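Data block below; observations after.
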Amino acid sequence: MKLTVISVGKKHDRTLESAISDFERRLKSPFSFDWRFLPNSNFEGEKARAEESIRLEKILARDDFVILLDERGKNLSSPEFSQLLSEKLASKNVKIVIGGAFGVSEEFRKRADFVWSFSKLVFPHQIVRLILTEQIYRAQEIAKGGKYHHE
């Protein structure tokens, strides 16, 4: 099955792009993924949240397993994330969504199959992309028994 990361906002920041690309180069199927970028809304606040959520919803298939990144979500350890990703990629297309600056609508949040939080802290989207790419690589290494992750 396929893994896609959907991010609202600009493409990668040049200062972080090489670090993101480094982890991407190490990924092998089914952990390799494609980026899909959606432009920010021209609105702000609730209007931006609603408009971006509608656009996000339109690119999801009914049977996609959707992981939404949100600081109000559930914290997972790296091994727990590896297990979740491995299980879902065995039978479903997985879409990991990074919403816009104002987040996503409550309806979109309810559509997500899993809401995941890196932390209660809020991070810039560019840093989230780097952390996410590293965690996907770490999940791959945990799943195959590699030496990258130490417990």
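Keeping to the range 106-151, report how many residues are crowded, with 19+ Cβ neighbours inside 10 Å, β-branched (Val, Ile, Thr) and not in a helix (DSSP H, G or I).
0
Please specify each residue of the range 73-94 satisfying the condition of being open to solvent by 30 Å² or more (accessible area, probe 1.4 Å) and of a type outside the set (A, V, I, L, M).
Listed by number, the residues that qualify are LYS74, ASN75, SER77, PRO79, GLU80, GLN83, SER86, GLU87, LYS88, SER91, LYS92, ASN93.
Out of everything in the range 20-66 that is under 17 Å from the mean Cα position of the chain (by Cα) and β-branched (Val, Ile, Thr), what residue ends up being farthest from ASN93 (Cα to Cα)?
ILE20
Just give me the residues in the range 33-65 being surrounded by 15 or more Cβ atoms within 10 Å (Cβ to Cβ) and assigned to a loop (DSSP other than H, G, I, E, B), in sequence order.
ASN40, SER41, LEU60, ASP64
Looking at ASP22, ASP70, which one is surrounded by fewer than 17 Cβ atoms within 10 Å (Cβ to Cβ) and under 27 Å from GLU141 (Cβ atoms)?
Details: ASP70 fails: surrounded by fewer than 17 Cβ atoms within 10 Å (Cβ to Cβ).
The conditions single out ASP22.
I'm told LEU16 meets every condition in (1) in a strand (DSSP E or B); (2) surrounded by 15 or more Cβ atoms within 10 Å (Cβ to Cβ) except one. Can you identify the failing condition by its number?
For LEU16, the failing item is (1).
What number of residues within the range 23-42 satisfy the criterion of being over 18 Å from HIS125 (Cα atoms) and not small (Gly, Ala, Ser)?
6
The values are calculated or read from the model by the stated rules, or taken from the named source; none is laboratory data. All of these numbers come straight from a predicted model, not from anything done at the bench. Glycine gets a Cβ as well: all are built from the backbone with ideal geometry, and neighbour counts include every protein chain shown. The area values use the complete protein model at the heavy-atom level, side chains included, leaving out ligands, DNA and RNA. Shrake-Rupley method; radii C 1.70, N 1.55, O 1.52, S 1.80 Å.
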